[in-house]
Amino acid sequence: DIPSLQDVFADDFLVGTAFSNSELYKDPDKELMIKHFNSVTPGNVLKWDSTEPEEGVFDFVESDKAVQFAVDNGMQLRGHTLVWHNQTPNWVFYDDNGNLASKELLYQRMKTHIDTVMKRYKGKIYAWDVVNEVIDTSQSDGLRRSLWYQIAGEEYIEKAFEYAHEADPDAKLFINDYNTHESAKSQALYNLIQRLQAKGVPIDGVGHQTHISLYYPTMTEIENSIIKFKQLGLETHITELDISVYQNDSQKYDTFPEDLKQKQATLYKQLFDIFKRHKDTVTNVTVWGKDDGNTWLRTFPVTRNNWPLLFDENLQSKPAYWAIIDQP
Ligand code: XIL
């Protein structure tokens, strides 16, 4: 019987995984989650296109199952996500005439959505990714030109946090993004958070998605990006960790090369050592899937094999698992 990750890191941070509801119907998958993880994140079913596919028509069938799984097993749950440019229905951004919605209409829809979803799961979802992937360093103000931005400018981010705080004052409110270890991106995110804090916007934490690979970024870049946000007094969550085995989109392996298995194990170990060193701010480390059979990286950015997680497709612990628990 192998050690449980949540026990190994009990004095450090919560250990989480993303999951899809299909995993709840397979006993070995479900048991693995219950054994190792004290935090879970539904991979898709809390996104806008799942919970409110049509205006005012909420569908909580799948999200209720996901939340109940966490409640039944005493796990913390991260809510992902309220305001994003992907997996969000188009109606959100257009009026009845097919024109871009006014700011007022957009905010009214945003408020209704945030209010309805957050209140339903009040006390059951301890942290929410209120906004996701809002940074774009190719823009001079660092903000992605999403439809949210096109309609409302930077203010939509403030509104999202304000509505979220009103809906559930006890939930921890996060801003979540990828490539946050890149210095330009981390600086743009830092600047945005400073502007938000100066306006009194209720923001509790920064989520580093941490979709990385065996080839980049460096461990120093990751550590620096974590340290950087301590100055803002925010909590840090590692929200979507995985380590792709590829360097670029055109590579494709039939099997996981043995030397790369070891390289991945070493990187996972170094990463968890960094997280432990900064456990004063890193309070949750979540992998984006528990096993290689359940990784989004088998369809993104292209369809191919990938082995980015801690357990293999047969739910057996990989060298990466043994490395992070210090049993090489
Ligand atoms: C991914 C899911 O894992 C996939 O199942 C879905 O098809 C696309 O979205 N950043 C995020 C997550 O914030 O919501 C994404 O999840 C992965 C990248």
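The values are calculated or read from the model by the stated rules, or taken from the named source; none is laboratory data. Just so it is clear, the model here is predicted, and its values are computed rather than measured. Heads up, the Cβs are rebuilt from the backbone with ideal geometry, glycines too, and the neighbour counts pull from every protein chain shown.
Quick notes
- Scanning region 240-267 for residues that are of a type outside the set (A, V, I, L, M, F, W, C) and under 18 Å from the mean Cα position of the chain (by Cα) yields 240, 242, 244.
- Test for residue 12: is it in contact (Cβ under 8 Å) with a residue 60 or more places away in the chain, surrounded by 16 or more Cβ atoms within 10 Å (Cβ to Cβ), in contact with a strand residue (DSSP E or B) (Cβ under 9 Å, 6 or more places away or on another chain) and assigned to a helix (DSSP H, G or I): no
- Residue count for region 91-122 under the criterion of being under 18 Å from residue 172 (Cα atoms) and β-branched (Val, Ile, Thr): the result is 3.
So that you can scan it fast, the table gives a plain yes or no per residue for (1) part of a helix (DSSP H, G or I); (2) surrounded by fewer than 19 Cβ atoms within 10 Å (Cβ to Cβ); (3) out of contact with any strand residue (DSSP E or B) (no Cβ under 7 Å at 6 or more places or on another chain):
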| site | (1), (2), (3) |
| --- | --- |
| 226 | yes, no, no |
| 229 | yes, no, no |
| 237 | no, no, no |
| 240 | no, no, no |
| 248 | no, yes, yes |
| 254 | no, yes, yes |
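- Filter pass, residue 160 being of a type in the set (Gly, Ala, Ser), within 16 Å of the ligand (Cβ to nearest atom), closer than 30 Å to residue 212 by Cβ and assigned to a helix (DSSP H, G or I): yes
- Scanning region 163-221 for residues that are surrounded by fewer than 18 Cβ atoms within 10 Å (Cβ to Cβ), free of Cβ contacts under 8 Å to residues at least 40 places away in the same chain and within 16 Å of the ligand (Cβ to nearest atom) returns no hits.
- Set side by side, the residues 299, 283, 239 differ, and just one is within 16 Å of the ligand (Cβ to nearest atom), of a type outside the set (Lys, Arg), in contact with a His (Cβ under 8 Å, 6 or more places away or on another chain) and at pLDDT 95 or above, which is 239.
- Test: residue 66 is surrounded by 13 or more Cβ atoms within 10 Å (Cβ to Cβ) and in contact with a Lys or Arg (Cβ under 9 Å, 6 or more places away or on another chain): no
- Those helices (runs of 4 or more DSSP H) of region 34-138 in which at least 1 residues are more than 16 Å from the ligand (Cβ to nearest atom), in contact with a Leu (Cβ under 6 Å, 6 or more places away or on another chain) and not small (Gly, Ala, Ser), considering only elements entirely within it, cover 61-72, 103-120.
- Residue match in region 42-49 (condition: in contact (Cβ under 8 Å) with a residue 60 or more places away in the chain and out of contact with any helix residue (DSSP H, G or I) (no Cβ under 7 Å at 6 or more places or on another chain)): yes
- Considering the conditions (1) within 25 Å of residue 307 (Cα to Cα); (2) out of contact with any Pro (no Cβ under 7 Å at 6 or more places or on another chain); (3) in a loop (DSSP other than H, G, I, E, B), residue 203 is excluded by exactly one of them, (1).
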